[in-house]
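The values are calculated or read from the model by the stated rules, or taken from the named source; none is laboratory data. What you see is a predicted model, and the numbers here were worked out from it, not measured in a lab. All Cβ positions, glycine included, derive from the backbone under ideal geometry; neighbour counts span all protein chains shown.
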């Protein structure tokens, strides 16, 4: 019975963790280029199964588990929908790849193509304020005095009239599971092996969030109900345990 309390409490902790992840996804349903996290759990074996002491357990409890443990978060990198903005400094990557951005904290990567320029023409990532880089790792800069509109082709090459501003660095990775979220819609690639990206650039568009609000809300409701069920089981077991102590054990 006490073991049941522990298992139920373990379930509450798991569902609370799941709700925190889902809530963060929902909070970013309108964040350009956001990639949602997925949470999963695995069954923890009971002590008898772990030690091989199968003969030391009660037969009726031989199939009981040891609760749950959470697996590492999995980020879903499925491309989000393209959203037209008609802004010349908005760009989206079709298929694979990430833009390169340098902030005061180092080199990072993003799918968020909302860009702007500062007073000297340096192209910056709006969410983080970092500079957007070319394949050589140098900041991209436009001519603020030019009257020619900025054009970006599918390869990421930027032009003002006949002048080439530079190329957007588009990078992909051998194993995206090695990327780490660091905030401001950026990923750290310190642990990842870079690859040449196959994605193409589309000007005047941004990539929408990868969060599906409908299915995410359904997941939140399911998790909330599982949490309520676990809380009810704890209450029921606590009441049963109280009766066992105060009533069953009472001498007439």
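Does residue 197 fit the bill of being outside the structural domain of residue 126 (by TED's automatic domain parsing) and either at pLDDT 85 or above or farther than 25 Å from residue 81 by Cα (or both)? The answer is no for residue 197. When region 156-168 is limited to residues that are in contact with a strand residue (DSSP E or B) (Cβ under 7 Å, 6 or more places away or on another chain) and part of a loop (DSSP other than H, G, I, E, B), the one that is nearest to residue 137 (Cα to Cα) turns out to be 168. Within region 130-143, the residues that satisfy the criterion of being in contact with a strand residue (DSSP E or B) (Cβ under 7 Å, 6 or more places away or on another chain) and not in a strand (DSSP E or B) are 130, 134, 135, 140, 142, 143.
Within region 85-113, being under 16 Å from residue 210 (Cα atoms) and assigned to a strand (DSSP E or B) holds for 92, 93, 94, 98, 110. Restricting region 31-61 to residues that are surrounded by 12 or more Cβ atoms within 10 Å (Cβ to Cβ) and more than 14 Å from the chain's Cα centre (by Cα), the residue that is modelled with the lowest pLDDT is 57. The one condition from (1) within 29 Å of the chain's Cα centre (by Cα); (2) exposed (fewer than 13 other Cβ atoms within 10 Å of the Cβ) that residue 219 does not meet is (2). Annotation: residue 184 fulfils all but one of (1) loosely packed, with under 12 Cβ neighbours inside 10 Å; (2) assigned by TED's automatic domain parsing to the domain that holds residue 108; the unmet one is (1).
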